[in-house]
């Protein structure tokens, strides 16, 4: 795309032209030339959208919840953008759930924009492109952004650094989950929703999550996360969840909390980016063959993994500074 | 501990003195002075144990499976070492399951050594200390090592790099799991066990896993992973699982596969260690304040996260090579 075409695309995104928004996200997703220029053009129009991360295990009804919340917000005259970053997402797989129809109807309205994005690698994880796609929707002026991702390990932490409010969705069906929660495997959220509360075991699940939350140290000492039951497919509890999200938004708007939270999230993302780029430089600089040779020495009991790592790093850092760094990875 | 004391400890570990093995793992776990020397002393006695990683979601019966397999192996005159690396482990939490009693009885015999280790950080992950503790048990001459860890995201991959054979345990109860498997969220194992097969939904679960395995590209094209049903608490299917583990061990013993697999796993662990140490050097060298300042420029739309990351890295690498690197992190 030409630079002039890029400028026109920026202007159309800022005017919330649906086709342009879709095109811009595609440019970013495919890593096309011009993606950086596009983002540069949007950069000064960021930060107005309230960003909500919705995470939790597969089958917790995250997509249904986003659909239901979206419908309420659109009815209130708000505009919403949705990024579904999850190979098992209902949006991605075209599931047959009833709410899919409702979501398809919503998607036709001007006030809502839905986009699925693939995860990078089998073990999940948000890519820098997720971040950039959220920026496109933010710059386009959608009032609320929902970023939905399956919660496995590190992903939950990643999503927290990308949003203003984190909601963890759970379901009562799984004894596994109760065990995981008891074991402290649950990450910290601003709001917990136990969905499918019409199923048996819902009370035990809510109690287990409440007990776990009581032991957590939420990063914001002034905020006590609530645990809410819901049956989203019956539209039961959805208005209450939206009210709680709104309450958190109001909470963040006071005492500079919103900016402080965004600064922390951005710092964490920046650190991670720097670490990833550094690792990419390491491997670009031909670390592979050297490390492979070292492996045989470790297997023979001549050196320890720690010793090899130390020695290699010292040598590599010296070499890197002396030579010209190659590229920057992806 | 004195250097002479350390040498004595090494000798006692090599003679498989239970108290010494426990002491050696404690030295490593607490990061006590002398841990490196201890490991150096054991280094030339490694590689004899067959290492099996057992992973899967909480509640899949991993500890019960290890107990049952351990009982069979001890009855065959084999010695086994067990590392349970999981905050929700039955071993750790002192659960009330029937097999706990059996395990406690086993633990009194000379042929079996059981140790729980804490994960590092809430989101799991194996620490270098897990690796070192496994080396202690290996050097002590236990024939089979079982490393049991809850499978969340990256951990499953980590454990694969640490062992010769990976077993993933699943349970039929959870529709979530079937969905996760269908979505390709399941990592690659050498053997899948669907435990609690006396429960409803077992057939569907086995079929879902089989369908998923058929689509996978196992790193060893000569090995087709089996999906086995079991009801471990009823001792149903345990002998068959042990036979399959033995079959994989025999398979690895041919055509240099065992060594090749260990070389690959070690290389992956070495790469990760180098990356972690590099990140530690980065943060030790005072990256924090500079990155914090950069965050404000990003928030103001003056620079992008990518630009800051690039510039920072180039400057940092130059500085690091010029100055004296501080420490190496832990």
field: Contact order relative to length of the range A:1-44, as percent, for alpha carbon pairs under 8 angstrom and 6 or more apart
entry: 46 percent
task: For a footprinting-style exposure proxy, rank A:254, A:18, A:51 by other Cβ within 10 Å, fewest first.
output: A:254, A:18, A:51
Average beta-carbon neighbours from other chains, 10 Å sphere, peptide B:45-57: 1
- request: Could I have the simple spin-label model distance between residue A:243 and residue B:254, label points 7 Å from Cα toward Cβ, reported in nm to one decimal?
  value: 6.8 nm
field: Likely footprinting exposure, B:217, A:248, fewest C-beta neighbours within 10 Å first
entry: B:217, A:248
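Return A:304, B:314, B:64 ranked ascending by Cβ neighbour count within 10 Å, so the fewest neighbours appear first. Mind showing how you got there, number by number?
Values: A:304 17, B:314 13, B:64 26.
Ranked by crowding around the Cβ, least crowded first: B:314, A:304, B:64.
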query: So between residue B:224 and residue B:264, what do we pick up on full extension, going 0.36 nm a residue minus the alpha carbon distance?
result: 12.5 nm
message: Using a 10 Å cut-off around each Cβ of peptide B:260-272, what is the average number of partner chain Cβ atoms that fall inside?
response: 4
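Values quoted throughout were computed directly from the atomic coordinates according to the rules given, and no laboratory measurement underlies them. For clarity, every value in this text was computed on a predicted model and none was experimentally measured. Positions of Cβ are generated from backbone atoms using ideal geometry, with glycine treated the same way; all protein chains shown enter the neighbour counts.
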